[in-house]
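Worksheet for the structure shown next.
The values are calculated or read from the model by the stated rules, or taken from the named source; none is laboratory data. Given the structure is predicted, the values throughout are model-derived calculations rather than measurements. When we count neighbours, we look across all protein chains shown, and the Cβ atoms used for this are built from the backbone with ideal geometry, even at glycine. Areas reflect the complete protein model, heavy atoms only, side chains present, ligands, DNA and RNA absent. Shrake-Rupley method; radii C 1.70, N 1.55, O 1.52, S 1.80 Å.
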Amino acid sequence: MPAPTTPKVPGTYIFDVADNGRAYALNRMLGSFKDPRNREMFSADEAAYCDAYKLNPEQKEAILQRDWNRMLDLGGSIFYVFKLAVMDKKSMQDLGGIFTGMTTEEFVAALKAGGRHFG
Amino acid sequence: MAEVIWGLATSHVPSIGAAMDNHKTEDAYWKPLFDGYAPARAWMAEHTPDVAIIVYNDHANAIDLAMMPTFAIGTADEYQVADEGWGPRNVPVVKGAPELSRHLLGSLVDDGFDMTVCQELEVDHGLTVPLSVYCPEPGDEWPCAVVPLLVNVIQYPQPTAARCLALGEALGKAIRSFPENIKVAVFGTGGMSHQLAGARAGLINEDFDRMFLKAIETDPESLAALSREDYVREAGSEGIEMIMWLIMRGALGSEISRVHDTYHVPASNTAAALALFENVAAKTTA
Ligand SMILES: [Fe+2]
């Protein structure tokens, strides 16, 4: 019997064990931001902090450029990625706008109007 | 013997906690949600449990991606409130109920649910927000002890909905076999429909949510029959948290009555709901 595969749902990241494997260093670094000392160290020298956590060049670039979509494409888990967003004073609504090509205001308005609907 | 007196299903959105912490519950944005909670809170304040078993998931705080238990139970004397990246919530430390935890653990493992054991656990918004939904003004101390029960909902493969309902049934049996005469409440947390990332970010599926809110009382088996793909497709990548409600539901047993429910969109990026059920069987034997 073949191993069960992760479902595919269009427009949706389903974070799975394979993502955990390929993005382990990335998520591990993002998770380290629950410690305030790590938040300070990262802010003091972001590139060195990425290197200390052994991020590969793609992961490091996504972090330094704050390319939020790419962090997700590379296997970042939203709960880990969000810790960096908070350090940048970004809310989940700001990220929602970025993920959907809307301004934050448009995204917030869409939620207030009952949310976004699909099929 | 111990008894389950009620079950509370509630969303655990961090911003709901922040609205309480920052005194924004009367703001136009938040007032409808908190007004919806009021009748349930009043009823729960008259029916206080000794211990709350809170079924929730950690969000990259106490549990990292090095080890991801599918089901876990806390067995500690107390649980510190986690710094999730923006400082811990200013709420009391959570007192444990280690004797009950150990009893539940033994009973669950005997029943084939091989729980991971957490002797040290910092609890995040997934647990503290539901406590605040129950008790908005705890003062220096929460009004009850807590047993945390954790579920992996953030990394596929999550447990199936059917397995969650079965765990709940085993949990109910475990609670009822605890020899002390204590009153227990069971919280199922998370949901409702929401998706934080991807092109479908901001998804809300009110039809699915309302179907779920109804069926959780009358036909939980139909919800247990849904696949993980069904949950993600219909309720969003984070809406799959709703499988945790089935653990609460399983623990309550078959004779329940709905005390109150409320549904509101949005709580930041999420559809938020509360549903409170009384265990009628416990009432008649008390
Ligand atoms: Fe959650």
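Charged side chains reduced to their Cβ positions (Lys and Arg at +1, Asp and Glu at -1) give the protein assembly as shown a dipole of some 540 debye around its Cα centre.
Highest mobility in the GNM of chain B, judged by mean-square fluctuation with C-alpha springs under 10 Å and restricted to B:A28, B:A273, B:A52, is found for B:A28.
Residues whose amide H comes within less than 5 Å of that of B:I54, counting only those at least five positions distant or on another chain, are B:V147, B:L149, B:F187 (H built at 1.01 Å from N in the peptide plane). In chain B, the DSSP-assigned H stretches of four residues or longer account for a calculated mean residue ellipticity at 222 nm of -11000 deg cm²/dmol, using -39500 (n - 2.57) per stretch and the full residue count as denominator. For the range B:66-214, with the dipole built from +1 on Lys and Arg beta-carbon atoms and -1 on Asp and Glu ones, taken about the Cα centre, which of B:V81, B:V133, B:C118 lies farthest toward the positive end? Among B:V81, B:V133, B:C118, the one farthest towards the positive end of the dipole of the range B:66-214 is B:V133.
Give me D for chain B in µm² s⁻¹, whole number, from Stokes-Einstein with Rh from the Kirkwood sum over alpha-carbon pairs, 20 °C and 1.002 mPa s. Numbers along the way, then the final one.
Numbers: Rh = 18.5 Å.
So the translational diffusion coefficient is about 116 µm²/s.
Would you jot down the residues in the range B:57-87 that end up with at least 10 Å² less accessible area in the complete protein assembly than in the chain alone, with a 1.4 Å probe? Residues meeting the cut-off: B:H59, B:A60, B:N61, B:D64, B:L65, B:A66, B:D83, B:E84, B:G85, B:W86. Given their separation in residues at 0.36 nm each and the Cα-Cα distance between them, B:E120 and B:V280 gain 54.1 nm when the chain is fully extended. Interface residues of the range B:169-199, defined as those losing at least 40 Å² of solvent-accessible heavy-atom surface relative to the isolated chain (probe radius 1.4 Å), are listed as B:L196, B:A197, B:G198, B:A199. The helix-only estimate of mean residue ellipticity at 222 nm for chain A, built from DSSP H runs of length n ≥ 4 each weighted as -39500 (n - 2.57), is -16000 deg cm²/dmol after division by the residue total.
How much accessible area per residue does the range A:17-89 have, counting only protein heavy atoms and a probe of 1.4 Å, in square angstrom?
About 47 Å² of surface per residue is accessible.
Under 8 Å for C-alpha pairs, at least 6 residues apart: give me the relative contact order for the range B:1-128, rounded to a whole percent. Please report the intermediate quantities before stating the final value.
Values: 122 pairs, mean separation 41.2, N = 128.
Reported relative contact order: 32 percent.
Evaluate E = 1/(1 + (r/R0)^6) for A:T6 and A:E40, where r is the Cβ-Cβ distance and R0 equals 30 Å; express this FRET efficiency to the nearest 0.05. Result of the calculation: an efficiency of 0.25. Taking A:K83, B:K95, A:K60 and ordering them by how much accessible surface each has at a 1.4 Å probe, largest first, produces B:K95, A:K60, A:K83.
What number, in percent, do you get for the relative contact order of the range A:17-89 if the mean sequence gap of Cα pairs under 8 Å and at least 6 apart is divided by its residue count? Display every interim value, and only then the final one.
On the way: 55 pairs, mean separation 31.0, N = 73.
With pairs under 8 Å counted, the relative contact order is 42 percent.
As a calculated quantity, the FRET efficiency between B:E46 and A:T104 at R0 = 35 Å, using C-beta atoms, amounts to about 0.25.
When only the heavy atoms of the protein chains count and the probe is 1.4 Å, how do B:W30, B:W245 rank by accessible area, highest first?
Working: B:W30 25, B:W245 0 Å².
Largest accessible area first, the list is B:W30, B:W245.
Overall, the accessible surface of the range A:17-89 at a probe of 1.4 angstrom is composed of carbon and sulfur to the extent of 52 percent. For chain B, the share of accessible area belonging to carbon and sulfur comes to 49 percent (1.4 Å probe, ligands and nucleic acids excluded).
Counting only GluC sites (Glu not before Pro) that sit in a DSSP loop (anything but H, G, I, E, B) with at most 14 other Cβ atoms within 10 Å, what is the longest stretch of chain B containing none of them? After excluding every exposed loop site, the longest remaining stretch is B:27-119.
Using 0.36 nm per residue of separation minus the Cα-Cα distance, give me the extension gain between A:V86 and A:R66 in nm, one decimal. Numbers along the way, then the final one.
Working: separation 20, 0.36 × 20 = 7.20 nm, distance 1.22 nm.
Extra length available between A:V86 and A:R66 comes to 6.0 nm.
Build a GNM of chain B with springs between Cα atoms under 10 Å apart, and of B:I243, B:I63, B:I53 the one that fluctuates most is B:I63.
Which residue, B:L121, B:L196, B:L246, has the most motion in a Gaussian network model of chain B that connects Cα atoms within less than 10 Å? Of B:L121, B:L196, B:L246, the Gaussian network model singles out B:L196 as fluctuating most.
Starting from the eigenvalues of the Cα gyration tensor, five times each then square-rooted, give me the equivalent ellipsoid semi-axes of the protein assembly as shown, largest first, whole Å.
Working: eigenvalues 216, 104, 92 Å².
Taking √(5λ) for each Cα gyration eigenvalue gives 33, 23, 21 Å.
If a/c stays under 1.5 just call it rounded; otherwise compare a/b with b/c (prolate if a/b is bigger, oblate if not). Do that for the range B:56-165, with a ≥ b ≥ c from the square roots of the Cα gyration tensor eigenvalues. Note, shape of the range B:56-165 comes out oblate.
At a probe radius of 1.4 Å, figure out the B/A buried accessible area, summed over both chains, and give it in Å² to the nearest 100. Mind dumping the intermediate values first?
Working: alone 11830 and 7870 Å², together 16250 Å².
In total, chains B and A hide about 3500 Å² from solvent.
With charges only on Cβ, +1 for K and R and -1 for D and E, what is the dipole size of chain B about its Cα centre, in debye, rounded to 20?
Numbers: 18 positive and 39 negative charges, 98 e Å.
I would put it at about 480 debye.
Would you list A:R66, B:R163 from the most to the least accessible area, probe 1.4 Å?
Working: A:R66 55, B:R163 95 Å².
Final ranking, largest accessible area leading: B:R163, A:R66.
Viscosity 0.692 mPa s, temperature 37 °C: give me the Stokes-Einstein translational D for chain A in µm²/s, with Rh taken as the Kirkwood radius over C-alpha pairs. Rounded to a whole number, D works out at 210 µm²/s.
Available extension along the chain between B:T25 and B:E206 is 62.8 nm, counting 0.36 nm per residue and deducting the alpha carbon span. At a probe radius of 1.4 angstrom, the accessible area of chain B per residue rounds to 35 square angstrom. For B:H12, the solvent-accessible surface computed with a 1.4 Å probe is close to 10 Å², ligands and nucleic acids excluded. Taking the DSSP beta bridges with both ends in chain B, the antiparallel portion is around 45 percent.
Computed with a 1.4 Å probe on the full set of protein chains, the accessible area for B:D64 sits at about 70 Å².
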